[in-house]
Every structure is written in structure tokens, then in C-alpha cells.
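Some notes on the structure that comes next.
The values are calculated or read from the model by the stated rules, or taken from the named source; none is laboratory data. Every value quoted in this text rests on a predicted model; they were computed, and no experiment measured them. Note that each Cβ is placed from the backbone with ideal geometry, even for glycine, and that neighbours are counted across all protein chains shown. Surface areas here come from the heavy atoms of the whole protein model, side chains and all, with no ligands, DNA or RNA. Shrake-Rupley method; radii C 1.70, N 1.55, O 1.52, S 1.80 Å.
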Amino acid sequence: MGEQDSQGRRTEDYDDRVSQFVERFAGDLTEAGMQRMAARVFACLLASERGALSSAELSERLQCSPAAVSGAVRYLSQVHMISREREPGSRRESYRLHQDIWYETFTNRDALLSRWTATLRSGAESLGTDTPAGRRVQETTEFFDYLKDELGSLLERWRKDHEDGPYPSRD
């Protein structure tokens, strides 16, 4: 729960710190290749109390248009980072982070690595592993195979270590 004043409202200082975090993390995600508005929406959801906000709430917090939010949530839904849900008794949709977002995101990356290695393996065969290009593609294939194997083991260890839920206490 965020800092509150005597009437139970969040303090302006707290809101400023959250906003600074959202923009800083969104910048990091953008540098890593995520679309800028999608990164801002994701970071805003991550920093929200419930991990879910409506389009209007996102627009207000991010000081952007509903159209910008709409495009961002469409992208985040397509890459399985958030889901849309209707609030009970309302026609209003909210957008929620998946419960174990990073595990799911990297599990999806595992499938992507499998596709890449299949294409690369075929490319290495087509180019011939006795050629410089074929050797480079073969080495890339081996790297992604290694990464895929290690990522699978890493994700399995994470799942076992966090069986009690995504946010266990570390006391």
C-alpha cells in the first residue's frame, strides 16, 4: 500500500515517485526493444496496487490519449503480457498483468528460440557448414540451442522455488 495522508489518500510525493519509476522502467524496456507506449503501460500496470487498471486510469496516470493506450494494450495482449477483463456489473474493461508475467514471458521466448533454431539449422544446411556463412549460422544455431536448454532448466528451477506463488516472502 502506498503512503497516505490523514484522510487515506495517496500522497503527491508517492505519486511522483511512482511516476518516475514508471518512466524510468519504461525507458529501460524501450531500450530493450519494446514499443514506447507499450512499455509505459506495462510499467504503469506493474506499479499499480492491483496490477490492473482501466483505459481511463491508464490515460490519466500516463497523461496520454485513450487511442495511445488502446494500441499499447493491443500489443501487450498479443505478446501475452496482459489480459483484458470486464469488471463485474460493468461494461468497462480493465487490463491486468498475468500473474506470473516474467515466467510466462520467458516461456514464450523458449518457443521463439525453438523456431529460430529450426530455421537456423535449415539455413546452415542450405549454406553448407563447410562455408564461412554456413559455419556462422551453425554457430548461431548451437548458441540458441544452448540458450534454450539453459533457459528451460532455469525456468524449471524458478517454478520449483516459487511454488507457493509469484511473490513469496523472503523473511
> Using the beta-carbon distance between residue 142 and residue 54 and R0 = 41 Å, what value does 1/(1 + (r/R0)^6) give for FRET efficiency, to the nearest 0.05?
Replying inline: 0.30
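Which loop GluC sites (Glu not before Pro) in segment 33-135, with loop taken from DSSP, have no more than 10 other Cβ atoms within 10 angstrom of their Cβ?
Details: sites: 49, 57, 60, 85, 93, 104, 125; in loops: 49.
Qualifying residues, ordered by number: 49.
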>> For the pair residue 135/residue 85, report the inter-label distance in nm, with labels modelled 7 Å from Cα in the Cβ direction.
In response: 5.5
> How are the Cα pair distances of segment 1-155 distributed, in percent, across 5 Å bins from 0?
Replying inline: 2, 8, 14, 15, 14, 12, 10, 8, 6, 5, 3, 2, 1, 0, 0
> To the nearest 10 degrees, how steeply does helix 132-161 sit against the main Cα axis of the chain, on a 0 to 90 scale?
Replying inline: 40
> Could you state the number of Å between the C-alpha centres of segment 63-87 and segment 92-171?
Replying inline: 24
> How much of the accessible area of segment 1-129, in percent, comes from carbon and sulfur atoms when a 1.4 Å probe is used?
Replying inline: 49
> So what are the ³J(HN,Hα) numbers for segment 29-40, from phi and the Karplus equation (6.51, -1.76, 1.60; θ = phi - 60°), rounded to whole Hz, Gly and Pro as x?
Replying inline: 5, 5, 4, 7, x, 6, 4, 4, 5, 4, 5, 5
> Using modelled amide H (1.01 Å from N, peptide plane; none on Pro or chain starts), what sits under 5 Å from the amide H of residue 53, excluding residues fewer than 5 places away?
Replying inline: 95
>> To the nearest 20 Debye, how big is the dipole of segment 35-124 about its Cα centre, given +1 on the beta carbon of each Lys and Arg and -1 on that of each Asp and Glu?
In response: 280
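Just the number: Rg to Rh for segment 38-108, Cα atoms, Kirkwood Rh, two decimals.
Details: Rg = 11.5 Å, Rh = 12.1 Å.
Result: Rg/Rh = 0.95.
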